[in-house]
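What follows is a set of notes on a single structure, which appears directly below.
The values are calculated or read from the model by the stated rules, or taken from the named source; none is laboratory data. A quick note: this is a predicted structure, and the numbers were derived from the prediction, not measured. Virtual Cβ from ideal backbone geometry, glycine too; neighbours counted across all protein chains shown.
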Amino acid sequence: MLSMSYYKTLEEFKSSTGHEIDGFWYPRVTSILSIKSKPALYRFYAKQDSFEAGEAIKNKSAEEGTLLHDTVEAILRGQSPALPEIIRPAINSFLEFKQQHEIIPHKIEEKLISTKHRYSGTLDCLAEINGHLGVLDIKTSKAIYRDYNLQTAAYIEALRENETMPPLKRWILRLDQSSRCLTCGSTMRQKGGSESIQLARFGSLAKTCNHVWGETSGNLEFKELYGVEKDIQAFLAAKTLWEWENDYWLRQI
């Protein structure tokens, strides 16, 4: 099968796509969801000079995203981490959000296992927000993508295997930062050493403007996701396709 060429050994496949927990191996939620196409990522690569250039930007962007993600989790734990200048605007937005909402974290960066469906995942945060218990997933992406519905649904389904677990909500907390042109209102996002400019929607000025960028400011988007039952079925369908694609390796485990 085609998937044989992705990995050289069984151990490489297992370490790249899953977790060994209590003597059993489970595929990761994010590995399973890699089977789904990602149009936004394809468009990103299409704009780059080469695949290697795209990989360099993506890896650098991932480093910055991890730094932001880890800093937010440290704050949720009650710690006072250093705030690197490169992520300070986004963190300031989060601190303002935290002052406006009651957030009580119960689990942070905890591995989940579904023994019923045989998969694992790492939960960002199980928290009470404004009196409601749910899965809080922290993202540092440019937008909230539909893939996040499937990822959070997988976490909900795994948590439900605990019969004492109450009904759960799920939220995406997206943190980003950008600068606005003082002349035309267009925005520029800098991440991974690359600049992405989104022109202002109205007026022809944005197309010919010699942009003068203001200070970088944080952007925060907080969104509750609905339709979890449908999303769980979609995730399990993706899992079936992922298992079909990787049948060669899975038969050896």
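Within region 110-128, restricting attention to residues that are under 13 Å from the mean Cα position of the chain (by Cα) and within 16 Å of Trp171 (Cα to Cα), which residue is surrounded by the most Cβ atoms within 10 Å (Cβ to Cβ)?
Let us first name the residues in region 110-128 that are under 13 Å from the mean Cα position of the chain (by Cα), namely 121-125.
Those still in the list that are within 16 Å of Trp171 (Cα to Cα) too: 122-125.
Working: Thr122: 13, Leu123: 19, Asp124: 25, Cys125: 23.
The qualifying residue surrounded by the most Cβ atoms within 10 Å (Cβ to Cβ) is Asp124.
Could you list, in sequence order, the residues of region 20-34 that are part of a strand (DSSP E or B) and surrounded by fewer than 19 Cβ atoms within 10 Å (Cβ to Cβ)? Break it down into steps so the answer makes sense when it comes.
Applying the first criterion (part of a strand (DSSP E or B)) to region 20-34 yields 20-21, 24-28.
Glu20, Ile21, Phe24, Trp25, Arg28, listed by residue number.
Where the second residue is at pLDDT 95 or above and among the polar types (S, T, N, Q) and the first is within 19 Å of Leu168 (Cα to Cα) and lies in region 129-146, which pairs have Cβ atoms under 8 Å and are six or more apart or on separate chains?
So the pair list comes out as Val135/Thr152; Asp137/Gln151; Asp137/Thr152.
I'm trying to understand the selection: among the residues of region 170-205, which are of a type in the set (Phe, Trp, Tyr) and over 21 Å from the mean Cα position of the chain (by Cα)? Working first, answer last.
Residues of region 170-205 of a type in the set (Phe, Trp, Tyr): 171, 202.
Selection gives Phe202 alone.
Pairs please, first residue from region 215-242 and within 28 Å of Glu85 (Cβ to Cβ), second anywhere and aromatic (Phe, Trp, Tyr), Cβ atoms under 8 Å, 6+ apart in sequence or on different chains.
Gly218/Phe94; Leu220/Phe94; Leu220/Phe97; Phe222/Phe97; Phe222/Trp171; Lys223/Trp171
Only residues that are in contact with a strand residue (DSSP E or B) (Cβ under 6 Å, 6 or more places away or on another chain) and either surrounded by fewer than 18 Cβ atoms within 10 Å (Cβ to Cβ) or over 24 Å from Gln151 (Cα atoms) (or both): list them for region 78-100, please.
Result: Pro89, Asn92, Ser93, Phe97.
Out of the residues in region 153-209 that are in contact with a Ser or Thr (Cβ under 8 Å, 6 or more places away or on another chain) and basic (Lys, Arg), which is farthest from Glu85 (Cα to Cα)?
Arg170
Of everything in region 28-45, what is over 12 Å from Gly192 (Cβ atoms) and either among the β-branched types (Val, Ile, Thr) or at pLDDT below 85 (or both)? Give them in sequence order.
Of all residues in region 28-45, those over 12 Å from Gly192 (Cβ atoms) come to 28-43, 45.
Scanning region 28-45 gives Val29, Thr30, Ile32, Ile35, Lys38, Pro39, Ala40, Leu41, Tyr42, Arg43, Tyr45.
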